[in-house]
Structure formats: C-alpha cells, structure tokens
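This report concerns only the one structure given below.
Please treat every number below as a calculation from the coordinates, not as lab data. Since we're looking at a predicted model, the values are computed, not measured. Here the Cβ positions follow ideal geometry from the backbone for every residue, glycine too, while neighbour counts run over all protein chains shown.
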C-alpha cells in the first residue's frame, strides 16, 4: 500500500516522504493542537515541535501497533497538553475547561479550510451533544474510555458503541 | 469470525483514536490485512477524523514546513533543492563574474585609451607651440627683410661694390652707404668664414693720400645668417676695404690680407 511505502521512506529519512506526510496530516494536527492550546502562536510552536519530534523518532513507529495517523496524533496531543501544563502557559490565564472543538467551528476563529469549515459547521450542529463530547474526548483530547465515561457520566461499556455510532454519523456528514 | 459484527463493535474507531492495548492493535492489524472491508472501514474512520480536525486548523501552516525543514537542516542531501537552486546559483554567479570581468576590462581599456589620447593631445600642443614659434620667427624675419629692402631702396643710398683683390678674386662684398644718417650696411655674403684666431676688419679709405680708417671688426661674422652688418661711418670715405686681421683687429690694414676693395663712385 502507498501509505506504507511512504512511511517506510520517511523512516529512512527521505525528505520528500516527510514533505508528503506533512501535507497529508499538518492541517489535522494543527486543528488538534489549536483545539487544545487555543493560541495561534503557541499552536505554531507546538506544530514545529511535533513534526521535528516525528522526524527524529520515526523509528519508534511500528505499523503493527497502529495507524501512522494515530501515532502522530498521539505525539501532537501529548505535545499540546504538555504545553498547557507549562508555567508560562498557565500564567497566560487561559481557561480551557469549557472549550470544545465545536466552538472553533462555530466561531470565526477558523480561517483555514473555510469552505470545509462552513460545511462541517452545519453538519456538526447535526451531531448530538453526547457525540460531540465523545469525539472531543476520545480523539482530540486523548482521554481513555474510562475517563470519557466518567466525564460524560455514561457506563464505560457503552462508550465503544456510542462512539461507533457517532463516527458513523460524522462519516455520513463529512465524507459525502 | 463475523466481519460485520467485528466492524460494528466499534473497535476500529477506538483503534484509530489510539485507545487500544498493544495486543488489540495487533489483532486489528491482522484483520485489516486479511479483510479488505476492515481496512476500508479503518480508512474511512481515519479520513472522517482527519477531515473534522483539519477544519479546526486555525490558519494555513505551509510556512511552518519551511521553518521545520530549516530546523531539521534539510537541503544538504535534498536532491530537489540542489537541482533547482544550484544551477540558478551557478548561472547567476558566472554571469555576475563575467559581467564584472567585462566591466573591469572595459574600464582598463577606457583608462588606457584616455591616457593615450591625453599624451596625443599634449604632443599636438607641443607641435602647435613649435609651429606658432616658427610662424612668429618667419614674421620677424620677414619684417627684418622688408626693413632691409626698404633701406636698400632708399634714394639716398650709395651702393659700393667691393671686388676681390690679389689671391682672393672669388671674394666680393657690397656696401650700402647712407650719407644722411652716416650708416653703412655691409653685405659680406661673398666672404668666407674667418679662420680661427682671425677676424674681418672693415676700412674706410681716402685716396690722396691713401689713408685707412678702421670702421671696426666684424666679431660675429661666422655666426651671422644673412651676413649683413650695420656700421656707423662719419668719414668722407672714397673707398672701402676689408682685410683679414688677427683677432682684436689692427691699427693699420695688412695689405697682403686685403680681400675686397671698392671705390665710391662720385655722383
């Protein structure tokens, strides 16, 4: 498969493979990071850290452990969360407790992928409240199923199927 | 295993979210390889999440790619960068150097040319100066000669030809005597240069009795160009003679050295 070859090249320090992977995932990572740090400059800082780390630690990726997207998503989430725990960041007085990705899509913050965003904004409104939160926690914040179940006050056994249904809805809205 | 039930369980969504254990991940990986519909399902889940998160990206991030590459010091072995940038660099460099060389050579050539022209101009200036002097000289000469001609044409002038005497028959001279202002003009072109230690001496003579009176020596004879000399003569001369005497002149003429003699014809 094409992606596998690209990732192998990337692991062999092929700069063009790095370029391609950046084009494939940078917007997504930028969105994930910004959703966590909620600051343009800090997001750009973290972006650089993430892709530099990915380049240096490319050996640590193993296809048997998961998707390449999941691997870099993990790096991005952790880097962004680390950033929010730094002293400098805490002193900036940001209150992230009430922030959800939906806010970004519904506010005028978003300047990139404007057309998509407008379309997606419409669809996200169609997603149920619980779905928005499940996606937020599981994908964008990296919460475990347990944490998510506690946060949403729903049984842990239902998270998996709930999420399945939410993603199903999202796929219908986003991919068609 | 029921593939459909497997897909519907929601495990693939958690797989993409990174929420599975290492063993669970391995299982999913195997299922994906074995069952294309599982792989397809995973791709669609991933794609939906990527699309949603991309919509959350606050701004274009392509400028960050260059920053990241700079930090990773890309470019050294990047073939694409070399193949595009280096020839352009070389082309510019070579053109730049070539232009600099041409300009430099042109400058040197101009400087040299300028120097040559300056030296030509100064040479021509010198020539002009020389020619001007020549013209000035010619004008002066002409004025002198016109003056001389006017003198000789004067009606009061008495012309006395002096013929060669004894051994010196080839010698001759002429005296133009203006009695009004007591001056004579001696044209001594027919005399040879005075030898070393000798000098031409001019005599005024009265004949009965023969009495010579010195009119002086011509000390500058050899150096004079037109051999015309102005001499003052207040005597009632009846004849003129020219002798070659020892330098400094003599009291009385040495008759053996009388080169020319001429009698004044009475009007």
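A few notes on this one:
- With contacts taken as Cα pairs under 8 Å and at least 6 residues apart, chain B reaches a relative contact order of 12 percent.
- Average beta carbon contacts from partner chains per residue of A:163-171, 10 Å cutoff: 6
- Peptide B:170-179 - average C-beta neighbours from other chains (10 Å radius): 0
- In nm, spacing of pseudo-spin labels at residue B:235 and residue A:11 (7 Å Cα→C-beta vector): 14.2
- Modelled this way, with points 7 Å down the Cα-to-C-beta line, the labels at residue B:123 and residue A:24 are 8.1 nm from one another.
- At full extension, residue B:30 and residue B:146 could sit 28.3 nm farther apart than now, given 0.36 nm per residue minus the alpha carbon distance.
- Counting 0.36 nm for each residue step from residue A:92 to residue A:45 and taking away their Cα separation leaves a gain of 15.4 nm.
- Seen against the Cα atoms of chain B and their longest principal axis, helix B:22-34 is set at about 90 degrees.
- Other protein chain C-beta atoms within 10 Å of residue C-beta, averaged over B:25-35: 2.
- Residue B:211/residue B:183 FRET efficiency (R0 25 Å; Cβ-Cβ; nearest 0.05): 0.75
- Residues considered: B:144, B:103, B:28. Largest GNM mean-square fluctuation over chain B, using C-alpha springs under 10 Å, is found at B:28.
- Using the Cα coordinates of region B:151-198, the gyration tensor eigenvalues translate into equivalent-ellipsoid semi-axes of 25, 12, 8 Å, sorted from longest to shortest.
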